[in-house]
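Enquirer: If you scroll down you'll find the structure; I have some questions about it.
The values are calculated or read from the model by the stated rules, or taken from the named source; none is laboratory data. None of the values given here were measured: they were computed from a predicted structure. Note that each Cβ is placed from the backbone with ideal geometry, even for glycine, and that neighbours are counted across all protein chains shown.
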Amino acid sequence: MEESVVASLSTQRLCAILVGVFSALALLLAAIGLYGALAYSVGQRTREIGIRMALGATRSNVLRLVAKQGMMMVGIGLCVGAALSLVLSRGLDRFVYGVTSRDPATMVLVMLVLCAVGAIACWLPARRAASVEPLDALRQE
């Protein structure tokens, strides 16, 4: 009997593993994309950041400026993603056992994980921007 149960659940187990692996890969790609976009933005704005710091902006102000820009992207993505998931998830109820596609606890947990990963991805370029030396930034072409 035990072998029969294991055999009947092997397909669902494989699908769950594949969904988990692809979800982790998607999360990693999203974090890398956000990091890349912010790092590029910081690279393009190095002179501006240098001028801000030369005029009296503190490192924490610059850190907050860049982190706010990145978290704004995360927030917009979360809002759009949540709205789309509510609209497009109607057909998923039959595939997920024991959890409705609109389970609020799952939605909140996923949004918190995405927000935390987004904050980490924003922190690295923001820290780099905060360490810009004003004189070096102004000399850069």
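Enquirer: Return the only residue of ALA57, ALA39 being at negative phi and assigned to a loop (DSSP other than H, G, I, E, B).
Expert: Every option except ALA57 fails the conditions.
Enquirer: Would you mind finding the one in LEU55, LEU84, LEU78 that is without any contact (Cβ under 8 Å) to a residue 12 or more places away in the chain and touching a helix residue (DSSP H, G or I) at 6+ places or on another chain (Cβ under 9 Å)?
Expert: Testing whether each residue is without any contact (Cβ under 8 Å) to a residue 12 or more places away in the chain and touching a helix residue (DSSP H, G or I) at 6+ places or on another chain (Cβ under 9 Å) leaves just LEU55.
Enquirer: Could you go through region 93-100 and let me know if any residue there is in a helix (DSSP H, G or I) and either touching a residue at least 12 places away in the same chain (Cβ under 8 Å) or loosely packed, with under 14 Cβ neighbours inside 10 Å (or both).
Expert: Scanning region 93-100, I find no residue that is in a helix (DSSP H, G or I) and either touching a residue at least 12 places away in the same chain (Cβ under 8 Å) or loosely packed, with under 14 Cβ neighbours inside 10 Å (or both), so the answer is no.
Enquirer: Another question, if that's okay. Check off (1) surrounded by fewer than 11 Cβ atoms within 10 Å (Cβ to Cβ); (2) basic (Lys, Arg); (3) under 23 Å from ALA137 (Cβ atoms) for ARG90 and give me the number that stays unchecked.
Expert: (3)
Enquirer: Same structure, new question: On the basis of being surrounded by 16 or more Cβ atoms within 10 Å (Cβ to Cβ) and within 30 Å of VAL108 (Cα to Cα), does ALA31 make the cut?
Expert: yes
Enquirer: Of these, LEU9, LEU65, LEU88, which one is at pLDDT 90 or above, among the hydrophobic types (A, V, I, L, M, F, W, C) and part of a helix (DSSP H, G or I)?
Expert: After ruling out the rest, the residue left standing is LEU65.
Enquirer: If only one of ARG59, ARG45 is surrounded by 15 or more Cβ atoms within 10 Å (Cβ to Cβ) and either under 30 Å from LEU138 (Cα atoms) or among the basic types (Lys, Arg) (or both), which one is it?
Expert: ARG45
Enquirer: Turning to a different aspect of this structure: Out of all the residues in region 122-141, which are closer than 23 Å to TYR35 by Cβ, surrounded by fewer than 17 Cβ atoms within 10 Å (Cβ to Cβ) and charged (D, E, K, R)?
Expert: If the condition is that a residue be closer than 23 Å to TYR35 by Cβ, surrounded by fewer than 17 Cβ atoms within 10 Å (Cβ to Cβ) and charged (D, E, K, R), then ARG127, GLU133, ASP136 are the ones that fit.
Enquirer: Within the set of pairs 6 or more residues apart or between chains, which connect a residue that is under 27 Å from VAL87 (Cβ atoms) inside region 102-130 to a residue that is outside any loop (DSSP other than H, G, I, E, B) and of a type in the set (Phe, Trp, Tyr) with Cβ atoms less than 7 Å apart?
Expert: ALA121/TYR35
Enquirer: Still on this model: Checking GLY50 against (1) more than 27 Å from ASP136 (Cβ to Cβ); (2) surrounded by 15 or more Cβ atoms within 10 Å (Cβ to Cβ), which single condition isn't satisfied?
Expert: Of (1) more than 27 Å from ASP136 (Cβ to Cβ); (2) surrounded by 15 or more Cβ atoms within 10 Å (Cβ to Cβ), only one is false for GLY50: (1).
Enquirer: With the structure loaded, tell me whether SER101 is farther than 26 Å from CYS15 by Cβ and at pLDDT below 90 or whether it fails that test.
Expert: no
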